[in-house]
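A short worksheet on the structure shown next.
The values are calculated or read from the model by the stated rules, or taken from the named source; none is laboratory data. These numbers were taken from a predicted model, which means no experiment stands behind them. In this analysis, Cβ positions are derived from the backbone assuming ideal geometry, glycine residues included, and neighbour counts consider all displayed protein chains. Heads up: the accessible areas ignore ligands, DNA and RNA and are worked out on the full protein's heavy atoms, side chains in. Shrake-Rupley method; radii C 1.70, N 1.55, O 1.52, S 1.80 Å.
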Amino acid sequence: MLDTEYNREILRTLIVVLSFVLINFSVKKLTRKYAKGVHLSEHRTNLISKYIDFFMFALICIIIFAVWGIKSDDVFGFIGTTLTIIGVAFFAQWSILSNITSGIIMFFTFPFRIGDVIRIHDKDFPIEAQIEDIKTFHTILRNREGELITYPNSLLLQKGVSIVPIKQDDKEFFD
């Protein structure tokens, strides 16, 4: 082993990283198992995995900062400066931030799902279409004529939206 003053920190960092890799793998495996059990779409499951990755990365950074003895004032100063710069950039592009936030709200509150037929109550441009996909920034809709419509998530939360029941043809069922 190397004879340096940082042996302990290097060893602790390796242990932290290996532990987080194992924990992250286990959590993702449990998430996929749960998603299969409740029949979540693959897209939603992948989005959850991305959020887990982001959370785990932030957590591992905080722990590694603690292992190396970096002062919290320095970390908070760096984070504050970074968030200020990002905030100014996002303020210039508030609609992007609004669509991301709306996508997250729609993801966790499930107001409607992929496959639902919805009616968007817009005075100028009413839409009735089936949801093809819900993405971070926008929702993909397909109307009865087969046209694909990209609709911003923020507008879906601002407009009145009703779920249209799908009409079933009368069919005879045989055992």
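Heavy atoms of the protein chains alone define the surface here; on that basis the stretch 1-134 has 73 Å² accessible area per residue at 1.4 Å probe size. Structure note, pairs Lys28/Lys159; Lys135/Lys159; Lys36/Lys135; Lys28/Lys71: Cα-Cα distances above 29 angstrom occur for Lys28/Lys159; Lys28/Lys71.
Expressed as a whole percent, the accessible area of the stretch 1-107 that falls on carbon and sulfur atoms is 73 (1.4 Å probe). Helix 42-67 axis versus longest C-alpha principal axis of the chain: approximately 20°, rounded to the nearest ten. Each peptide in 145-153, 34-42 gets a packing score, the mean of other Cβ atoms within 10 Å over its residues, and the list from highest to lowest is 145-153, 34-42. Just checking the listed ones, Asp73, Asp124, Asp53: in the Gaussian network model of the chain with Cα springs under 10 Å, the one fluctuating most is Asp124. Each stretch of four or more DSSP H residues adds -39500 (n - 2.57); spread over every residue of the chain, this sum gives -19500 deg cm²/dmol at 222 nm. Of the residues Leu59, Phe76, Gly37, the one whose Cα sits farthest toward the positive end of the charge dipole of the stretch 1-78, with +1 on the Cβ of Lys and Arg and -1 on the Cβ of Asp and Glu, is Gly37.
Can you tell me the orientation of helix 94-109 relative to the chain, as the angle in degrees between its alpha-carbon axis and the longest Cα principal axis, to the nearest 10? Tilt of helix 94-109: around 80 degrees. Ligands, DNA and RNA left out, the accessible area of the stretch 116-156 computed with a 1.4 Å probe is 50% carbon and sulfur.
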